[in-house]
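Scroll down for the structure; my scribbles are underneath it.
Read the figures in this text as sums done on the coordinates, not as results from a lab. The shown structure was predicted, so the numbers you read here are calculated from the model rather than taken from an experiment. Positions of Cβ are generated from backbone atoms using ideal geometry, with glycine treated the same way; all protein chains shown enter the neighbour counts.
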């Protein structure tokens, strides 16, 4: 039985980690820490889990986790994970970090986030479908929600060097913006609307560029524009891929079939639907080759809080510790 | 041309006043005041009105409105209208107050709002369909959104003394909670949900009790439970009326037909729909007499920002100044 | 391992049975029948279950289930269950019927549904929290979604004979109206709207009257008005209970605490929220005693497809066969 | 006073024409025809217009309109306008056709719609902001909703020959799919979801290609992928424009300012919002030049039923008859 800790267990990602780990047959949640919620029970903070999880939040004290936890999930703001992760690793704890602090090289991080990285350690980028080095890793950087949907949708074409330019137009549910009320999440602003933001400048771009170019033998130009639309959960990715040569639909089909085969959380779908993945760790993937053209449109649907965050973190944990990849993650979507 | 001022012209009600007055052929908006927005143009604050309204917010200075305005709409928080209204009246300006400060007797106000009323003046309760004293009034207290929907739905049965007990179960769009983000208006909390609040204790109850008992020759027991549901605009009222005697459907039908006849903003509808009143000053009303029973269910649909606030305020203004009741308010709903 | 069959396994209730039974550790789905879907795989029909459930629909042939199934869930339209259930029982199969055919006495059924009941058999009304005769039953009539929410919310006050009149004002997500597109489920009609229907005449009234009066030692007058609001899943019940005497809040509190104690799917909540029960078998319950008054407002939140249909059916199955009541039903809500 | 007829006045576009023409000071609606609704009053069919429009639908009889109407709006399915329009023109009536029948050359139409065009007549493409030949025209082909949003967003860059390739990723409210319930408009399918469709093959592509290449002095490669998202009204267009050279943000700004100047329905907005155009004929436009890159993202927001259909049709009518372009179309958006 793995003993797990969650640092920063408030917020949507933290709640989702608790929801999923509580149902994981191979894990015992040993510690939940939160500065603001210390002393409160899970049921008070996450009413949906009343009667299911009998735990209390404790104060944030990473050192106190040494010896108590085999694995810790750090679900803290970008820039503060780096203060905590090195100590955990040094105490022999394996870490899945859900912040952006370990997803990039030190240089790329400092350029993108415009601050020095004060606790850099080498990490594996935790997108297991394209990173075979996750099993056995001691530090995994859990990917951003958008890069997960984009890279999984485009991987088979990227890895063959077919993609010259990729334009990802993503549509996200608003839980990605966090649990604090804001102008974006204000119902009268979001309902009956769809809001583009960070139109050319989202911070997930460097991750996507890194992973796309890692997969592709030839350089890829990459653009990304996110939108928030009226949904709680889910990211639909529409990837407009401009190819180096015309797409033969038969070849595209074969590439997608080969690539998804044996990957338990990837499913091909004519038209991926957020309803079909809601609450689950699936990434449903579809594609269309433009008639006689150089564009392939790739589509993917994920639940941003599961495959885009907490579920993928647990998938990474499973692999790090030699558990079956799907352990605790076979729950059915709730359409 | 009436010269109108709006005090407190930010927020949804203020924006709606600007939207409707800007299209009113007999009104010129002379002044818009807001402490927080002074100096900004309407187009900056209310982007939907860019290109339609060329005005700037000025600082809050009620005295400065004397001589400039024939009528002022006070759209300020409960408890602060009383600081402004007497001065406006004394300067010869007629006032439509959209706060709760003048809807009740001094005693009832102080009991309900638990604070002394420091600027009481007699006012007409501005529900024109049941208050023939609105024409010519100098101070009109614009009703709350919920009382508007409840009283208009039940009026014909109340006025005949048929109602022993009325239970109003109301469902409101979230714009009624204001333009500031809050836990209730946070999209992930409200979407796919419906939230009861102030279940037995909403502050609109004293208004409803006052108006129901004013209409009814016999005492009425009244209960009210509001809910917020996923909508920007609109209040659907479901009034469960328990009668002193069994309801004869034919008589009920006749009472509703007689009562709505000649009232330009009331329309009978088999099942009132928020879509049919959206953006307009209509109140659509329906009813069902329970088969052989003592219950009549009355239904009404209004746009809470129009008939429930700004539209009704303009309807009151029209009547106060002898303009046609519907002037500037014949805009079609936007379903 | 129980061998289960589902007759009429298309539609939302059928899909939800498959979703939940597929995750039940003590059940093997042996047969799924559907006239229209025979031959298709579950994954084709219910895309969310691709990769999770590897079964095909077979043609409707109730006799063919004899010997293959220990329990059959009949999820067919009202009026057609009566053609199938007797044969299943005669073949030694236990049945949970999700239609309305066995919820009422023969006489009450024929009066409410205005057709002869051609296959009547005695059944237990499957609301386990108030029906201790479910364990061991051979035929359980699974309750309607609305009666489930209403009766569970009001039970402790009903059973003490305190309730003189109960007015249930319910708000349902639209999945209750079925998986076929209709005017009510048409997005432009439902979004930003809330639609009352069957305002005084819904067919669930006789069930509610039956159960309320079974619980209460004194006669209860009962009224019910349902609404559809913009949500996929969930029923919020607002029960306006008029008591025979004034409510002492302390006594009400004690009654609710005593009554919910030990019932694994009932949770007390200050304000029940559909988000907290989504996808789960919980019924969250709250109440407010009107200050010094005779009204208690009771509130409940359920997922209409789970506690209001498929989940409760499985809870009944568990009890019929001596399994733990919560087996296969401990999945966390997905807020 | 122009006498107007509407052929095919059911459906959302027809209703919107009635809503807007009823408020137009220079127009009298002379005839509304509908095969299915003949004899019914507008109030029965369009409940929002009860009390505002006192007209009855008459049977479809285009010849009967000769002498009665100065202008006719044909709001009928693609492929049937061509049966009606020539007769109207020959009777001396001017026509605004809202179908696709007259938007393309005969050859392009027959290729795109795969059927012979049996009633071709030369028409002006009715996007007045880029078609100065609308004034005085006798037959105007009202553009599709998607081309309106796309072309208006990209026009200033297209007309300078800067755009090498344009990828339009559009998000539409579901009223564009019509007033008949369908799987796409079924609330449980659309809510909390966003659905790509006709991913590489939408029939509006030929219109867009025609207009983009008409504006641009150099050939433009154009791609288009539409989505339906949870909204009643509105199209947000995200246009990913790949330029022939790097974009200088200052130049882009100047081009947009120059181009929108004096066009009464175009407004520049940092981030266009559907809320700000709802119910109105505005097209709000924004843009972002990618830092140092070759991509400019252009954004536009329209109400698909107004600027995307009925409102633009009336704008065309105004210009055809020498009325002020904005007559009857200055109604404020309803956010």
For this session: Using only alpha carbon pairs under 8 Å that are at least six residues apart, calculate the relative contact order of region B:146-303 and give it in whole percent.
Result: 31 percent
For this session: Determine the distance separating the Cα centre of region A:112-162 from the Cα centre of region D:211-231; give it in Å without decimals.
Result: 34 Å
For this session: May I ask for the angle, rounded to the nearest 10°, between helix B:145-159 and the longest principal axis of chain B, with both axes built from Cα atoms and the value confined to 0 to 90°?
Result: 40 degrees
Seminar exercise, completed: Percent relative contact order for region C:10-130, counting Cα pairs under 8 Å at least six residues apart, stands at 17 percent
Problem set entry | Peptide A:174-185, shielding by other chains (average Cβ, 10 Å cutoff) | 4
Exercise. On the first, second and third principal axes, largest extent first, how far apart are the outermost C-alpha atoms of region A:40-81 in Å?
Worked result: 30, 26, 16
Problem set entry | Cα-based Rg of chain A normalised by 2.2 N^0.38 Å, two decimals | 0.97
Exercise. Region B:2-67: percent of C-alpha pairs farther apart than 14 Å?
Worked result: 52 percent
Exercise. Which one of C:152, C:190, C:104 has the biggest mean-square fluctuation once chain C is modelled by GNM with Cα springs under 10 Å?
Worked result: C:190
For this session: Shielding by partners for B:18-24, please: the mean number of other protein chain Cβ atoms within 10 Å of each residue's Cβ.
Result: 2
Seminar exercise, completed: If one compares the long axis through the Cα atoms of helix B:205-215 with the longest principal axis of the Cα atoms of chain B, the angle in degrees, nearest 10, works out at 60 degrees
For this session: Give the value in nm², to one decimal: projected area of the alpha carbon convex hull of the protein assembly as shown, averaged over all directions.
Result: 49.3 nm²
For this session: Report, in deg cm²/dmol and to the nearest 500, the calculated mean residue ellipticity at 222 nm for chain A, where each DSSP H run with n ≥ 4 adds -39500 (n - 2.57) and the sum is divided by the residue count.
Result: -7500 deg cm²/dmol
Problem set entry | Segments D:161-169, B:279-287, A:128-136 sorted - mean Cβ within 10 Å per residue, highest first | B:279-287, D:161-169, A:128-136
Exercise. Residues of C:49-57, mean number of Cβ from any other protein chain within 10 Å of their own Cβ, rounded to a whole number?
Worked result: 3
Problem set entry | Semi-axes of the equivalent ellipsoid for region B:145-228, Cα gyration tensor, largest first, Å | 29, 11, 10
Exercise. Give me the Kirkwood hydrodynamic radius of region A:199-335 in Å, from all C-alpha pairs, to one decimal place?
Worked result: 16.4 Å
For this session: Distance between Cα centroids, region B:264-335 to region C:3-18: provide it in whole Å.
Result: 45 Å
Problem set entry | Cα centroid separation, region A:185-200 to region B:73-94 (Å) | 36 Å
Problem set entry | Helix A:249-260 axis, angle to chain A major axis (alpha carbon atoms, nearest 10°) | 20 degrees
Exercise. Simple spin-label model, 7 Å along Cα-to-Cβ: residue D:245 to residue D:59 in nm?
Worked result: 6.5 nm
Problem set entry | Peptides C:77-85, C:295-303 ordered by average Cβ neighbours within 10 Å, highest first | C:295-303, C:77-85
Exercise. Per the Kirkwood definition applied to all pairs of different Cα atoms, how many angstroms is the hydrodynamic radius of region D:269-335?
Worked result: 13.0 Å
Problem set entry | Three-way shape label, region B:112-271, alpha-carbon gyration tensor, a/c 1.5 | oblate
Exercise. Using Cα pairs under 8 angstrom and six or more residues apart, how large is the relative contact order of chain C, in percent?
Worked result: 17 percent
For this session: Could you rank the peptides A:238-249, D:89-100 by their average count of other C-beta atoms within 10 Å per residue, with the highest value first?
Result: D:89-100, A:238-249
Exercise. For region B:2-122, what does the equivalent ellipsoid look like in terms of its semi-axes, each the square root of 5 times an eigenvalue of the Cα gyration tensor, given largest first in whole Å?
Worked result: 26, 15, 12
Problem set entry | Shape of region B:60-139, Cα gyration tensor, a/c cut at 1.5 | oblate
